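Structure first, then comments.
The values are calculated or read from the model by the stated rules, or taken from the named source; none is laboratory data. The structure presented is a predicted model; accordingly, all values stated were derived computationally and were not measured. Cβ sites come from the backbone with ideal geometry, for glycine too, and all protein chains shown count toward neighbours. All accessible areas refer to the heavy atoms of the entire protein, side chains included, with ligands and DNA or RNA removed. Shrake-Rupley method; radii C 1.70, N 1.55, O 1.52, S 1.80 Å.
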Amino acid sequence: MTCALAWLVHPFLSRKSSEIRSSYPRQSNHMLHRLPKLRHTIFGSPISYHQIRRLSLRTQHRRMSIPTVTSWTGPPILLGVIGGSGLYKLDSITPVAEISITTPWGSPSSPITIAKTPADNHVAFLARHGRNHAILPSNVPNLANIAALKHLGVKAILAFSAVGSLREEIAPKDFVIPSQIIDRTKGIRRSSFFGFGEEESVVAHAGFGDPFDETLRPIVYETVKSTLSSHPLTVHTGKTVVCMEGPQFSTRAESLMYRTWGGDIINMSVLPEAKLAREAEISYVLIATATDYDAWRPASAAVNVAEVMESLKANVEASNLVTTKVLDRIWSEIDSDDKPAVKGIKDSMRFSIMTRSEFVADKAKSNLRFLLPWFAQE
Ligand SMILES: CSC[C@H]1O[C@H](OP(=O)(O)O)[C@H](O)[C@@H]1O
Ligand SMILES: Nc1ncnc2[nH]cnc12
């Protein structure tokens, strides 16, 4: 049944291939000539639009009619968007290129789409569970996702997540911009760029008291609220998200316990994503969309995938509407290093790393410089 439902809601699977092809604007060679500012390189050498065009035709993504590149030298990409369940692409903004990046921590969940907002700002989008939703929450390559976005120059991430509601007043289809997190993951996900792998001998303790960026959170809340003001739903903020391991949903006893702990909503994805963004010195905000009442309501059936899917379609439509406004609004808060949302986090890890650089192995240094270019340079 799960498969059948996934098939129904998945935007690619549920549509004919001809529809998919035509949903992306075609860029003729002529149009590409009219974008002189977009310069791409492959292995450091500049390549022409004709080469990009030829390359892209060789890939499976040619049906999207956007070039596939391995690095980006076009306009700055200050904002990253991570799409969650149901949000495998952004329909409301214009894709201009696709980037395949490999990081010291592997490849991201999906190729990264560079897309243009209505105000012509370039943002990077990736699908957390992959475009075919084939990656379980416990298996999401969070380090690669965050490192790839940071490497592209991203200063803030707007993440989307489908969540269960632990409160009567948060109804399915409501939006929540949470302010706190309770960690109920089970230690099976790597949750730090430090202390593991090549970076085993590097100790760092990032501050995480306010897990979401407190400058951007109220701005995102106000923008989402005004964008959806005519919709029959409520936008909440100042709530706590419980992040559980999954993939199974909670028992009724667990769901009731999370309520006594102060949990308001529950998902399986915000961690370690938010922790890794903090270590990468990227401001992070979550837009959560409620899909169900989890398992705490005595008279209601406990959540199942069918219930989640039912809300998901409306949530995805509303999320696409929200992105048309919120991306440019966030951009205006991060377009210079003097803005509080950038200033507050830039260089913050300089004061969190305990290990002196002379004790760090060369490989660990080069890996960490992919993320934090200033690391061990002095
Ligand atoms: C599809 S129900 C459970 C699944 O949905 C949420 O995913 P995401 O946060 O990526 O939207 C939740 O965290 C679980 O991974
Ligand atoms: N009830 C729930 N528990 C965990 N993650 C979810 N994502 C959507 N609904 C959820």
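If we scan region 327-341, do we find a residue that is closer than 21 Å to S85 by Cβ, surrounded by fewer than 16 Cβ atoms within 10 Å (Cβ to Cβ) and either within 13 Å of ligand 1 (Cβ to nearest atom) or within 18 Å of the chain's Cα centre (by Cα) (or both)? Even if it seems obvious, please write down each step before you answer.
Just the residues of region 327-341 that are closer than 21 Å to S85 by Cβ, to begin with: 327.
Next cut, surrounded by fewer than 16 Cβ atoms within 10 Å (Cβ to Cβ) only: none.
No, that holds for no residue.
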For F249: the one exception among (1) outside any strand (DSSP E or B); (2) surrounded by 24 or more Cβ atoms within 10 Å (Cβ to Cβ): (2)
Tally of residues being in a helix (DSSP H, G or I), within 10 Å of ligand 1 (Cβ to nearest atom) and modelled with pLDDT of 95 or more across region 272-310: 1
Complete set of residues in region 347-378 that are hydrophobic (A, V, I, L, M, F, W, C), assigned to a helix (DSSP H, G or I) and in contact (Cβ under 8 Å) with a residue 40 or more places away in the chain: M349, F359, A364, L368, F370, L371
Any chance V285 is within 19 Å of A206 (Cα to Cα), open to solvent by less than 20 Å² (accessible area, probe 1.4 Å) and within 13 Å of ligand 2 (Cβ to nearest atom): no
Test result for A318, open to solvent by 30 Å² or more (accessible area, probe 1.4 Å) and over 15 Å from K150 (Cα atoms): no
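Kindly evaluate R259 against the criterion of being in contact with a Phe, Trp or Tyr (Cβ under 8 Å, 6 or more places away or on another chain) and within 20 Å of S109 (Cα to Cα). Spell out the reasoning first.
Values: in contact with a Phe, Trp or Tyr (Cβ under 8 Å, 6 or more places away or on another chain): yes; within 20 Å of S109 (Cα to Cα): no.
No; evaluated as a whole, the condition is false for this residue.
Among the listed residues G187, G262, G209, which satisfies the condition of being farther than 24 Å from A280 by Cβ and modelled with pLDDT of 95 or more?
On the way: G187 fails: farther than 24 Å from A280 by Cβ; G209 fails: farther than 24 Å from A280 by Cβ.
The conditions single out G262.
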